[in-house]
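Just so you know, all these numbers are worked out from the coordinates, no wet-lab data involved. Since this is a predicted model, take the numbers as computed values, not measurements. Here Cβ is always computed from backbone atoms with ideal geometry, including for glycine, and neighbour counts include all displayed protein chains.
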Amino acid sequence: MFQTADMLRIFNAHRGDAIVVPGRGGPHWNKISTRPGRDVPLGDPAMGGHAGFALGLALARPADRVVLFDSEGDLLMSLGILPTVAELAPANFYHFMLDNECYATTGGQPVPNAKNVAYDVIARGCGYPRAFAFDKLEDFEASLPSILAQPGPVFAALKVVAEVENVPIGQRARWQTRTRDRVLADLRAELGVAR
Amino acid sequence: MAQTPATPAQADEAQLDPRLVLDEMKKNGVTHVVWLPDSETNFLYQLMEADPSLTLVPVSREGLAFSIAAGLATGGQHPIILIQNTGLMESGDSLRGWTIALQIPVVLMVGYRGWTRHGVNTDSAATYTERFLNAFGITYYLVETSADAPRISIAFEEARRTQRPVAVLMADEYHGFNR
């Protein structure tokens, strides 16, 4: 297992001009990214939907690379998104998934069969042409350039250390620096999309 | 007195011609149809599949459709969501979080399973459909026959103007397989 922030710092060096949907990596990514106009830190509009949103963006913007940092809790809610991605096969879609084996934001309760799910196998079985799993940061760092050098869709499950929050939601420090409306408006402006 | 049977022409008028539905979509610039099959829209699917201007995005659970549509719309495309009322009700949190909260102007074309016109429902899917939409503050338009097809454009206009999802209830299940 490795720290999400360390992984995101490595990714940032290879990010280029990708649109990044940071999902539950948002609190760290907000501090690391140097291109916030191409970031889509939406927090959690409704659990399970990050992959669908990123897929929609990738389909809408085929000339832009779209990188998603999904989570295993989100994906377990919406495993059916995997065959949809595989069928449409957007070559610009890079699907990374943070697997901390628990629901960290609700106190760290384990997800179902937390330590025994091979998400890369599920993705490959659903039709992703390439799927990987990493539990060592050095392996991820060594493989990332080749993962990004080839067309998507690609899936990579990343074993990360849980950062469990036990403070009531109303008492947590807000990590977002922009409202969701602002995030989407900034992205549209960056992409030249009229509303 | 014996009732005069409907002529073929009258029977056609009592149906919804899927070609008109497709025309309404194209007139309103739809680029992507995020959908899960239902019995109300089977023939429409065959028409959409044959139309090169539309990209079909199949989902396996209706809740998935809302975040996909949000991503498409954010990226500058014009999706429509085509699902059945049963799946709409399953999708409540996605409808809330990914379309209402993000102000996504998307039309939900919803197969109205169980619709009977006379209010005596034998299918609870119909009983709760409009209650569900009212609970979420979603405006809806009923489309039963070809004469109702222009209401689809009204729904598109309202979605654009309000930046919210608007529903069209497709109440023609028994003709969904007709050619």
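Remark: mean inter-chain Cβ contacts per residue of A:59-72 equal 2, using a 10 Å Cβ-Cβ cutoff to other protein chain atoms.
An ellipsoid equivalent to the stretch A:1-83, defined through the eigenvalues of its Cα gyration tensor, has semi-axes of 20, 16, 11 Å when rounded to whole angstrom and sorted largest first. Helices meeting the span-like rule in chain B (full DSSP H runs, Cα extent of at least 24 Å along the helix axis, mean Kyte-Doolittle score of 1.6 or higher) are absent. The mean count of C-beta atoms from other chains within 10 Å of the C-beta of residues in A:84-92, rounded to a whole number, is 2.
The convex hull of the Cα atoms of the stretch B:42-152, projected and averaged over all directions, covers 7.6 nm². Expressed as a whole percent, the proportion of Cα-Cα pairs in the stretch A:4-191 lying more than 24 Å apart is 33%.
Take the Cα of B:Glu90, step 7 Å along the line toward its Cβ, and report every residue of the stretch A:55-86 whose backbone nitrogen sits under 17 Å from that point. The answer is A:75-85, whose backbone nitrogens lie closer than 17 Å to the label point.
Between A:Arg195 and A:Ala89, the FRET efficiency estimated from the beta carbon spacing at R0 = 25 angstrom works out to 0.30.
State the extension gain, in nm to one decimal, for the chain segment bounded by A:Asn113 and A:Thr177, taking 0.36 nm per residue of separation less the distance between their alpha-carbons.
19.6 nm
Inter-chain Cβ neighbour count for A:38-51, averaged per residue, equals 5 (cutoff 10 Å, partner chain atoms only).
For a modelled paramagnetic label at A:Ile169, 7 Å from Cα along Cα-to-Cβ, the residues of the stretch A:9-44 in reach, with backbone nitrogen under 13 Å, are A:43-44.
This ranking places B:Met89, A:Met97 by how few other beta-carbon atoms lie within 10 Å of each, fewest first, which gives B:Met89, A:Met97.
Here's the list of lysines a cross-link from A:Lys115 could span, going by alpha-carbon distance under 24 Å and ignoring same-chain residues fewer than 8 apart: A:Lys136, A:Lys159. In this simple spin-label model, placing a label point 7 Å from the Cα along the Cα-to-Cβ direction at both B:Ala14 and B:Glu157 gives a separation of 3.1 nm.
Between A:Val121 and B:Asp23, take the C-beta separation as r, use R0 = 45 Å, and let me know the FRET efficiency to the nearest 0.05.
Once rounded, the FRET efficiency stands at 0.50.
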